[in-house]
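What follows is one structure encoded as structure tokens, with my remarks underneath.
The values are calculated or read from the model by the stated rules, or taken from the named source; none is laboratory data. Keep in mind it's a predicted model, so treat the numbers as computed, not measured. Cβ: placed from backbone, ideal geometry, glycine included. Neighbour counts: every protein chain shown. With ligands, DNA and RNA removed, areas are computed over all heavy atoms of the protein, side chains included. Shrake-Rupley method; radii C 1.70, N 1.55, O 1.52, S 1.80 Å.
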Amino acid sequence: MGGVGFAVSGSRGDDPTQYPGKLTWYVVMTLMAAAMGGLIFGYDIGISGGVTSMAPFLEKFFPSVYHNQMDDTSTNQYCKFDSQILTLFTSSLYLAALVASFFASTMTKKFGRRKSMMFGGLIFLVGAIINAAAVHISMLIIGRVLLGIGVGFANQSVPLYLSEMSPYNYRGTFNVCFQLMITIGILVANLFNYFFAKIEGGWGWRLSLGLAGVPAIIIIISSFFLSDTPNSLVDRGREEEAKTLLKRIRGVENIDAEFNDILAAKNDARLVQNQWQNIFKSRCYRPQLVMSILIPFFQQLTGINVIMFYAPVLFKTIGFGSDASLMSAVITGVINVLATCVSIGFADRWGRRTLFLEGGVQMLIFQIAVAALIGAKFGVTGDVTELPKWFAIVVVICICFYVAGFAWSWGPLGWLYPSEIFSLEIRSAGQSVNVAVNMLFTFLVAQVFLALLCTMKFGLFIFFAFFVVLMTLFCYFFMPETKNIPIEEMTQIWREHWYWKRFMDQPVNGANEMTRIEQV
Ligand code: BGC
């Protein structure tokens with residue numbers, strides 16, 4: 001279709017002439033290729049739980065854990081065998097990603113989004129090869145740390161790339177494709193584990209771990225052919241290149257309005273010497289900083305990764321056999337993928353707030369339902385021998401509704417919203433804070449879930465529900481709508497907000513820039 005495309009209309013929803021342009025096939029293909037970056041993260045979320053429950057893997061690398069697990073005869077379903085060492089091995093990836101995201105910030109700003117993506121893919125590939133060939137636990141750990149570095153770089157750069165490259169009124173659609181790739185990664189990993197666990201000779205885990213290299217190769221090849229974003233090119237002084245690129249990706253000659261907005265943002269950025277100092281010290285960045293911390297915190301405190309990491313264990317506990325449990329985990333995985341597509345279709349139409357609020361309410365209802373069902377059957381002792389089939393099916397249905405609520409709201413928007421709200425001068429640092437907080441709480445939830453379940457029992461679901469209430473209220477009062485607002489004009493949402501405007505008392509794109517930067 002070449003330069004033919006759909007007209008991009010409706011700047012800020014009402015001025016169709018501000019950023020003229022079409023949705024070109026070039027930009028669509030570019031964005032699809034970049035979104036593949038989500039695959040490595042998703043594959044990893046899905047693969048580790050299954051691998052660490054494969055007996056030959058445990059026997060080889062964690063013999064004491066394996067024997068303790070075999071000897072565990074407790075009938076209390078709330079207190080499953082819990083090995084901190086094994087969980088630490090799994091979640092070491094998230095710690096490595098946390099640290100790497102700060103290094104990625106400098107690389108993404110200085111060398112562009114594309115280089116960070118490529119570097120992330122390369123490091124991840126090396127990690128996957130080392131893991132697949134592991135003969136000693138040290139190789140497993142080194143491999144895992146490298147995977148984490150790869151994820152840190154990819155998650156820091158890909159959402160930014162997508163948000164900057166997309167036409168502003170399709171930004172939601174394309175950015176959500178990153179989450180779609182995460183969910184596909186999780187699903188594929190679950191399916192692989194299911195089949196590879198059955199391989200005779202017990203070496204299936206090598207395939208599970210090694211195949212992580214495939215999404216890594218996809219990212220390396222894609223980022224090799226991608227161009228960088230116009231925003232990053234301007235930021236790095238390559239203005240003519242940015243103009244040519246803008247014409248190509250928007251499919252029109254008249255790109256002046258968009259180019260001038262990026263240039264103005266860059267002129268702001270020039271006055272900022274140190275993005276880290278600014279994001280933490282300047283009052284005018286306070287709303288953006290608060291969002292970059294609270295959004296990933298709330299996303300993880302929905303408890304979603306309890307399902308992603310422990311679904312088969314949970315389903316076994318409520319009465320399914322081994323195979324049925326894995327199948328139910330696959331069902332929730334399919335729901336996760338399908339429900340994300342709702343967000344692709346509606347994030348730019350209904351807006352972020354509608355999805356955030358609806359998703360929050362839906363998760364809350366079904367979390368409470370799960371807590372009530374489990375509480376009614378398992379009580380506080382957790383000693384149950386016989387559970388009716390209908391019970392297990394109803395719990396799975398409730399969990400599917402909960403997962404769907406997450407998958408069209410806090411899942412994708414937890415990556416979209418932070419990537420679109422930062423001003424150019426602190427965008428890279430802000431995204432690193434987002435990734436670091438996300439990884440920190442992914443790590444903590446994974447690490448303490450089994451211990452919390454043992455102490456809080458079915459109340460654990462109420463614990464997560466409490467955070468869902470908080471985050472929904474936070475969204476209602478403090479999160480302004482961002483749909484249809486060009487990324488370099490986003491500061492207006494804070495200036496017009498009833499609460500955040502008090503932090504924006506200095507002109508942002510105006511003359512008094514030095515005051516803004518020095519203000520503490
Ligand atoms: C979250 C992950 C989660 C996944 C589930 C992502 O947005 O960051 O922690 O496992 O969604 O689909």
Next item on the list: Tell me which residues come under 5 Å, amide H to amide H, from Lys22 once H is placed; ignore anything under 5 positions away on its chain.
Entry: Val8, Gly251, Val252
Item checked: For the range 115-243, convex hull volume per residue from C-alpha positions, Å³ -> 98 Å³
Next item on the list: With +1 on each Lys and Arg Cβ and -1 on each Asp and Glu Cβ, and nothing else charged, work out how big the dipole of the range 146-301 is about its Cα centre, in Debye to the nearest 20.
Entry: 360 debye
Margin query: Just to verify a number: FRET efficiency for Thr75 and Ile137, C-beta to C-beta distance, R0 = 51 Å, to 0.05?
Written below: 0.95
Check: How big is D for the range 53-156, in µm² s⁻¹ as a whole number, if Stokes-Einstein is applied with the Kirkwood radius of its Cα pairs at 20 °C and 1.002 mPa s?
Finding: 141 µm²/s
Notebook entry, point to check: For the range 173-214, what class follows from the C-alpha gyration tensor (a ≥ b ≥ c being the square roots of its eigenvalues): rounded when a/c is under 1.5, otherwise prolate if a/b is larger than b/c, else oblate?
Noted result: prolate
Next item on the list: With label points built 7 Å along Cα→Cβ from the Cα atoms of Met456 and Ala324, find their separation and express it in nm.
Entry: 2.8 nm
Check: For His67 and Glu241 in one chain, what is 0.36 nm times their gap in residues minus the Cα-Cα distance, to one decimal in nm?
Finding: 56.5 nm
Next item on the list: Taking only protein heavy atoms into account and a 1.4 Å probe, give the accessible area per residue of the chain in Å².
Entry: 38 Å²
Notebook entry, point to check: How far is helix 171-196 tilted, in degrees, relative to the longest principal axis of the Cα atoms in the chain, given as a value from 0 to 90 rounded to the nearest 10?
Noted result: 20 degrees
Next item on the list: Note down the Stokes-Einstein diffusion coefficient of the chain in µm²/s, whole number, using a Kirkwood radius over alpha carbon pairs, 4 °C, and 1.567 mPa s.
Entry: 55 µm²/s
Item checked: In Hz, Karplus ³J(HN,Hα) per residue of the range 95-103 (6.51, -1.76, 1.60; θ = phi - 60°; x = Gly, Pro) -> 5, 5, 5, 4, 5, 4, 4, 6, 5
Note to self: Can you compute the charge dipole magnitude of the chain about its Cα centre, using +1 on each Lys and Arg Cβ and -1 on each Asp and Glu Cβ, nothing else charged? Give it in debye, rounded to the nearest 20.
What the structure shows: 240 debye
Notebook entry, point to check: What distance in nm separates the simple spin-label points at Val334 and Leu387, each placed 7 Å from Cα in the Cβ direction?
Noted result: 2.2 nm
Checklist line | Exposure rule at most 16 other beta-carbon atoms within 10 Å, DSSP loop trypsin sites (Lys or Arg not before Pro): the chain longest free segment | finding: 13-197
Margin query: Compute the orientation-averaged projected area for the range 355-471 from the convex hull of its Cα atoms and round it to one decimal in nm².
Written below: 8.1 nm²
Checklist line | the range 370-424 - percent of accessible surface contributed by carbon and sulfur, probe 1.4 Å | finding: 71 percent
Check: So, with +1 on the Cβ of K and R and -1 on the Cβ of D and E, and no other charges, what is the size of the charge dipole of the range 436-512 about its Cα centre, to the nearest 20 debye?
Finding: 300 debye
Checklist line | Label-point separation, Ile217 to Val380 (7 Å along Cα→Cβ), nm | finding: 5.6 nm
Next item on the list: Relative to the compact-globule scaling 2.2 N^0.38 Å, provide the ratio for the alpha-carbon radius of gyration of the range 332-415.
Entry: 1.29
Note to self: For q values of 0.19 Å⁻¹, compute log₁₀ I(q)/I(0) with the Debye formula on a Cα-only model of the range 219-362, without solvent.
What the structure shows: -1.21
Next item on the list: Working from Cα positions, state the angle (0 to 90°, nearest 10) between the long axis of helix 352-378 and the longest principal axis of the chain.
Entry: 10 degrees
Check: Taking every eigenvalue of the Cα gyration tensor of the range 274-425, multiplying by 5 and rooting it, what semi-axes result, largest first, whole Å?
Finding: 36, 17, 13
Notebook entry, point to check: Roughly how many percent of the accessible protein surface of the range 162-264 is carbon and sulfur, given a 1.4 Å probe and a whole-percent answer?
Noted result: 63 percent
Note to self: Shape verdict for the range 173-252, please, from the Cα gyration tensor: rounded (a/c under 1.5), prolate (a/b greater than b/c) or oblate.
What the structure shows: prolate
Check: Among the aspartates and glutamates, which have Cα under 15 Å from the Cα of Lys377 when same-chain residues fewer than 8 positions away are ignored?
Finding: Glu386
Next item on the list: Give a residue-ordered list of calculated ³J(HN,Hα) values for the range 328-340 (Karplus: 6.51 cos²θ - 1.76 cosθ + 1.60, θ = phi - 60°; whole Hz; x for Gly, Pro).
Entry: 5, 5, 5, 4, 5, x, 5, 4, 4, 5, 4, 5, 4
Item checked: Within the chain, helix-based [θ] at 222 nm, where runs of 4 or more DSSP H residues each add -39,500 (n - 2.57), nearest 500 -> -24500 deg cm²/dmol
Next item on the list: Find, among the GluC sites (Glu not before Pro) in the range 469-502, those assigned to loop by DSSP (not H, G, I, E, B) with at most 16 other beta-carbon atoms within 10 angstrom.
Entry: Glu481, Glu496
Check: With the dipole of the chain worked out from charges on the C-beta (+1 for Lys and Arg, -1 for Asp and Glu) around the Cα centre, which of Ala371, Trp203, Ser432 lies farthest toward the positive end?
Finding: Ser432
Note to self: Using 22 Å as the Cα-Cα cut-off, could you pick out the over-long pairs in Lys115/Lys483; Lys22/Lys483; Lys281/Lys483; Lys243/Lys266; Lys109/Lys501; Lys243/Lys281?
What the structure shows: Lys115/Lys483; Lys281/Lys483; Lys109/Lys501; Lys243/Lys281
Checklist line | Among Asn231, Ile249, Leu191 the positive-end extreme of the charge dipole of the range 190-258 (Cβ point charges) | finding: Leu191
Note to self: What does the extension gain come out to for Arg349 and Leu473, with contour length at 0.36 nm per residue minus their alpha carbon separation?
What the structure shows: 42.4 nm
Check: What's the angle, to the nearest 10 degrees (0 to 90), between helix 389-407's Cα axis and the longest principal axis of the chain?
Finding: 20 degrees
Check: So which GluC sites (Glu not before Pro) in the range 217-291 pass both tests, a DSSP loop state and at most 15 other Cβ atoms within 10 Å of the Cβ?
Finding: Glu253
Next item on the list: Determine the equivalent ellipsoid of the range 287-353 by diagonalising the alpha-carbon gyration tensor, then write out the semi-axes as square roots of 5 times the eigenvalues, largest first, rounded to whole Å.
Entry: 30, 18, 6
Next item on the list: Could you tell me whether the range 208-273 comes out rounded, prolate or oblate from its Cα gyration tensor? Rule is a ≥ b ≥ c as square roots of the eigenvalues, rounded for a/c under 1.5, then prolate if a/b exceeds b/c, otherwise oblate.
Entry: oblate
Next item on the list: Would you mind calculating the gained length between Ile397 and Ala264 on full extension (0.36 nm times residue separation, minus the Cα-Cα distance), in nm to one decimal?
Entry: 42.8 nm
Item checked: GluC sites (Glu not before Pro) restricted to the range 335-428 and DSSP loop, no more than 11 other C-beta within 10 Å -> Glu386
Margin query: Can you bin every Cα-Cα distance in the range 369-432 into 5 Å intervals starting at zero and give me the percent of pairs per bin, rounded to whole numbers?
Written below: 3, 15, 16, 13, 10, 9, 8, 8, 7, 6, 4, 1
